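The values are calculated or read from the model by the stated rules, or taken from the named source; none is laboratory data. Everything numeric here is computed off the predicted structure, so don't read it as measured data. Cβ atoms come from the backbone with ideal geometry, glycine included; neighbour counts cover every protein chain shown. Areas reflect the complete protein model, heavy atoms only, side chains present, ligands, DNA and RNA absent. Shrake-Rupley method; radii C 1.70, N 1.55, O 1.52, S 1.80 Å.
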Amino acid sequence: MKTVIDLHWAGKMAWETEIGGHKIRVDAAEDSGGENSGVRPKPLMLVALAGCTGMDVVSILAKMQVKIDDLNI
(Lines give C-alpha, C1' and ligand atoms only; values in the text may rest on other atoms or scores of the structure.)
Protein backbone atom coordinates (compact mmCIF):
# COMPACT_ATOMS: atom_id res chain seq x y z
CA MET A 1 0.00 0.00 0.00
CA LYS A 2 1.38 3.37 -1.02
CA THR A 3 1.08 6.25 1.44
CA VAL A 4 1.39 9.85 0.30
CA ILE A 5 1.52 12.87 2.58
CA ASP A 6 1.37 16.57 1.76
CA LEU A 7 3.14 18.76 4.32
CA HIS A 8 2.51 22.52 4.03
CA TRP A 9 4.89 25.11 5.47
CA ALA A 10 3.01 27.30 7.97
CA GLY A 11 5.77 29.83 8.63
CA LYS A 12 9.00 29.86 10.62
CA MET A 13 9.57 26.20 11.66
CA ALA A 14 5.90 25.09 11.61
CA TRP A 15 4.41 22.54 9.20
CA GLU A 16 0.84 21.29 8.80
CA THR A 17 -0.78 18.28 7.21
CA GLU A 18 -4.11 16.51 7.14
CA ILE A 19 -4.24 12.73 7.32
CA GLY A 20 -7.55 10.92 7.14
CA GLY A 21 -9.43 14.08 8.08
CA HIS A 22 -7.18 14.79 11.09
CA LYS A 23 -5.03 17.91 11.12
CA ILE A 24 -1.52 17.65 12.50
CA ARG A 25 0.85 20.54 13.14
CA VAL A 26 4.53 20.15 13.95
CA ASP A 27 6.70 22.98 15.17
CA ALA A 28 9.95 23.68 16.97
CA ALA A 29 10.47 25.22 20.38
CA GLU A 30 10.88 28.98 20.57
CA ASP A 31 14.59 28.64 21.35
CA SER A 32 14.98 26.72 18.06
CA GLY A 33 13.24 29.31 15.90
CA GLY A 34 9.70 27.98 16.22
CA GLU A 35 6.64 29.20 18.08
CA ASN A 36 5.83 26.02 20.05
CA SER A 37 2.52 25.79 18.14
CA GLY A 38 2.62 22.04 17.52
CA VAL A 39 4.20 18.79 18.51
CA ARG A 40 7.86 18.07 17.84
CA PRO A 41 8.58 15.68 14.95
CA LYS A 42 10.59 13.15 16.98
CA PRO A 43 7.94 12.51 19.68
CA LEU A 44 5.29 12.33 16.95
CA MET A 45 7.33 9.65 15.17
CA LEU A 46 7.67 7.70 18.42
CA VAL A 47 3.90 7.97 19.03
CA ALA A 48 3.28 6.58 15.53
CA LEU A 49 5.64 3.67 16.17
CA ALA A 50 4.10 2.92 19.58
CA GLY A 51 0.59 3.18 18.13
CA CYS A 52 1.44 0.74 15.33
CA THR A 53 2.96 -1.68 17.84
CA GLY A 54 -0.07 -1.37 20.13
CA MET A 55 -2.49 -2.06 17.28
CA ASP A 56 -0.52 -5.19 16.37
CA VAL A 57 -0.46 -6.43 19.98
CA VAL A 58 -4.20 -5.81 20.49
CA SER A 59 -4.99 -7.53 17.19
CA ILE A 60 -2.86 -10.58 18.05
CA LEU A 61 -4.35 -10.84 21.55
CA ALA A 62 -7.88 -10.61 20.11
CA LYS A 63 -7.11 -13.45 17.68
CA MET A 64 -5.83 -15.48 20.63
CA GLN A 65 -9.06 -14.60 22.47
CA VAL A 66 -7.11 -12.99 25.29
CA LYS A 67 -9.19 -10.37 27.08
CA ILE A 68 -7.30 -7.28 28.17
CA ASP A 69 -8.55 -4.39 30.30
CA ASP A 70 -5.60 -2.03 29.93
CA LEU A 71 -2.40 -1.71 27.95
CA ASN A 72 0.33 0.92 28.10
CA ILE A 73 3.28 1.21 25.75
### Message
So, for segment 5-53, what is the accessible surface per residue at a probe of 1.4 Å, expressed in square angstrom?
### Response
76 Å²
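Which FRET efficiency, nearest 0.05, do Arg25 and Val66 yield, Cβ-Cβ r, R0 30 Å?
Working: r = 37 Å, r/R0 = 1.24.
Computed FRET efficiency for Arg25 and Val66: 0.20.
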#### Entry: Relative contact order (%) - criterion: Cα under 8 Å, at least six apart; region: segment 1-69
17 percent
### Query
Using mean Cβ contacts within 10 Å as the protection proxy, how do 24-35, 43-54 order, highest first?
24-35, 43-54
### Query
For Leu44 and Asp6, FRET efficiency with R0 = 22 Å and r from the beta-carbon atoms, rounded to 0.05?
0.85
### Summary
Candidates for log10 I(q)/I(0) by the Debye sum over Cα atoms at q = 0.11, 0.26 Å⁻¹ are (i) -0.43, -1.16; (ii) -0.61, -1.17; (iii) -0.23, -1.29, and the calculated one carries label (i)
### Query
Once Lys and Arg get +1 and Asp and Glu get -1 on their Cβ, which of Gly33, Leu7, Leu49 lies farthest toward the positive end of the dipole of the chain?
Leu49
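Quick check: at a probe of 1.4 Å, how many percent of the accessible area of the chain sits on carbon and sulfur atoms? Don't skip to the answer; put the middle values down first.
Numbers: 3880 of 6320 Å².
On the chain, the fraction of accessible area on carbon and sulfur atoms equals 61 percent.
Let's see if you can work this out: charge +1 on each Lys and Arg Cβ, -1 on each Asp and Glu Cβ, no other charges. What is the dipole magnitude of the chain about its Cα centre, in debye to the nearest 20?
Values: 8 positive and 10 negative charges, 60 e Å.
So the dipole magnitude of the chain works out to roughly 280 debye.
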